[in-house]
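To start, the structure under review is shown below, and the notes come after it.
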Amino acid sequence: MKTRILLTILSLLFSVVSRAATEIDGIYYNLYSSSKTASVTSGTNKYAGDVTIPAMVTYNGVDYSVKSIGDYAFQNCTGLTAVNIPNSVNSIGYDAFARCQALNSITIPGSVKTIGRDAFYWCDGLTSVVINDGVTSLGDFVFAYCSKLSSITIPNSVESIGNYAFENTPWLNSQPEGDIVYVGNVAYMYNGYMPSNTSVILKEGTTTLQSNTFDRCSGLVSITIPSSLTNIGSYAFRDCNGLATIVVDAGNSKFDSREDCNAIIETSTNSLIAGCKNTVIPNSVTSIGNNAFYNCSGLTSLTIPSGVTSIESGAFSN
């Protein structure tokens with residue numbers, strides 16, 4: 001037993017040591033011996049000038065593949081002017097480049113799948129961003145308050161965009177008011193004030209209805225979901241008190257609005273995930289999903305059929 005405890009302690013100590021920041025050619029890394037991978041991390045000195053991150057580093061004769069740019073890695077590096085990211089990197093962490101005010105432009109390779117929350121937050125000098133095909137997720141506030149960001153290229157591979165991702169950027173401010181802002185195949189937000197009695201037909205090819213897309217759009221009375229839509233974010237229709245009609249295209253393989261129910265049902269689970277004031281729950285529905293009727297103050301009555309066996313958190317909140 002004592003031997004086993006000692007081995008466990010030694011294993012934990014080795015694990016901690018193997019993760020200590022190591023400087024290699026002016027860049028600091030966390031090295032992971034078990035997977036032979038490395039993550040760029042913050043150093044004792046702030047990074048400045050042009051930085052090129054290699055795809056592979058060698059330490060004590062061992063090669064490590066650089067797989068990520070970690071949380072806070074370049075945060076507040078106000079002298080950083082450019083960074084070249086290799087195709088080996090598959091994620092950019094939380095606050096990774098926040099407040100790098102001299103950074104002018106950035107190209108994200110398609111190998112990067114996720115870009116974390118606040119990754120480029122408040123990069124005042126950032127004017128253009130190119131995200132290559134392959135990236136799937138952008139975190140909350142990822143480019144928020146980049147006061148000079150006017151050019152953004154985002155591929156159709158992006159399936160999820162966080163809340164306020166482009167808040168207070170010239171790019172977002174230049175989008176037409178009174179219309180949906182599409183970012184690639186994502187219906188990101190309705191821009192401006194929505195007039196009363198507005199009907200929306202999401203364009204074919206849209207794959208994602210982002211969280212809060214129609215937040216506080218009290219003028220929305222009907223929406224048509226295309227066959228291409230496969231992802232619906234939370235609170236997509238929050239405070240849409242006038243919403244009365246929801247129709248999902250019959251060709252959609254992920255969602256349906258069976259029996260003219262005026263709701264969105266996840267077909268494979270028979271879970272009602274979004275309803276409105278005129279929803280009639282079909283007998284085939286077995287669950288009412290999280291926040292399905294959240295803030296639906298126009299709802300005055302509803303009959304829940306006997307086949308429903310679960311009502312999830314916040315389903316009728318407010």
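The values are calculated or read from the model by the stated rules, or taken from the named source; none is laboratory data. All values derive from a computational prediction rather than experimental measurement. Don't worry about glycine lacking a Cβ; one is built from the backbone with ideal geometry, like all the others, and counts go over all protein chains shown. SASA here: full protein model, heavy atoms, side chains in, ligands and nucleic acids out. Shrake-Rupley method; radii C 1.70, N 1.55, O 1.52, S 1.80 Å.
Restricting attention to the chain, lysine pairs at least eight places apart or on different chains and with alpha-carbon atoms under 22 angstrom apart total 5.
Dividing the alpha-carbon radius of gyration of the stretch 132-210 by 2.2 N^0.38 Å (N being the number of residues), what value is obtained? Write down the numbers at each step before the final one.
Working: Rg = 12.7 Å, N = 79, 2.2 N^0.38 = 11.6 Å.
The value comes to 1.10.
Loop sites by DSSP among the GluC sites (Glu not before Pro) of the chain, restricted to those with at most 12 other Cβ atoms within 10 angstrom, leave 1-176 as the longest stretch without any of them.
Taking all protein chains together and rolling a 1.4 Å probe, Trp171 ends up with roughly 30 Å² accessible. Residues whose amide H comes within less than 5 Å of that of Ile24, counting only those at least five positions distant or on another chain, are Tyr29 (H built at 1.01 Å from N in the peptide plane). Given +1 at the Cβ of Lys and Arg, -1 at the Cβ of Asp and Glu and no other charges, the dipole of the stretch 199-295 around its Cα centre is 180 debye to the nearest 20. Specify the inter-centroid distance of the stretch 221-264 and the stretch 132-199, based on alpha-carbon positions, in whole Å. Comparing the Cα centres of the stretch 221-264 and the stretch 132-199, I get a distance of 21 Å. Rolling a 1.4 Å probe across all protein chains gives Thr303 an accessible area of roughly 110 Å².
Can you give the % of DSSP beta bridges in the chain that are antiparallel, to the nearest 5? Antiparallel: roughly 40 percent of the beta bridges in the chain.
With contributions of -39500 (n - 2.57) from each DSSP H run of at least four residues, the per-residue ellipticity at 222 nm computed over the chain stands at -2000 deg cm²/dmol. Relative to the dominant Cα principal axis of the chain, helix 2-18 is inclined by about 90°.
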